[in-house]
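Structure, as structure tokens:
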Amino acid sequence: MMKDDEFFREIQDNCWDADVRIKECKHTHVDVQVLSTIPVLFNYWAKPKDCLDISMFLNDHIADIVRRYPKKFIGLGTIPMQAADLAVKEMERCKKIGLVGIEIGSNINDINLNEPQFFPIYAAAQELD
């Protein structure tokens, strides 16, 4: 994985290849695994619409794996937390495509999670169960 022109970290195919993950799960005696986006890809720093686009791409990928291997994987989505309206829409879509929850960062662009701008997201999460 590169950040601009600099090496950031090495990512193995077990991050995106379900068959590799299933092999590793068998080897380590794991029956079911929860899949989620790695936090570095939350992209809270991006423009909200761009973050929504990447969230949708990542969520669709996880949902596809869960659909293909429902006895092996459970999926969590990611949402553009920097824009509550877009976050709520994507959270609703996550539920429709079979993801059972979302994963969020511990802060959003150095803004704590107890700020009122995030309350509509939490209300929607409660409503969506």
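The values are calculated or read from the model by the stated rules, or taken from the named source; none is laboratory data. Predicted model only: the values in this text are computed from it and were never measured. Heads up, the Cβs are rebuilt from the backbone with ideal geometry, glycines too, and the neighbour counts pull from every protein chain shown. Only protein heavy atoms, including side chains, enter the accessible area calculation; ligands, DNA and RNA are left aside. Shrake-Rupley method; radii C 1.70, N 1.55, O 1.52, S 1.80 Å.
On the stretch given as the stretch 34-45, residues that are open to solvent by 50 Å² or more (accessible area, probe 1.4 Å) and closer than 13 Å to TYR69 by Cα total 1. Of all the listed residues (ASP5, ASP19), the sole one being open to solvent by 100 Å² or more (accessible area, probe 1.4 Å) and free of Cβ contacts under 8 Å to residues at least 40 places away in the same chain is ASP5. Do we find that PHE57 is under 25 Å from VAL32 (Cα atoms), buried (at least 19 other Cβ atoms within 10 Å of the Cβ) and of a type in the set (Phe, Trp, Tyr) in this structure? In short, no. Among helices (runs of 4 or more DSSP H) entirely within the stretch 1-118, having at least 3 residues that are at pLDDT 95 or above and of a type outside the set (D, E, K, R) singles out 48-68, 84-96.
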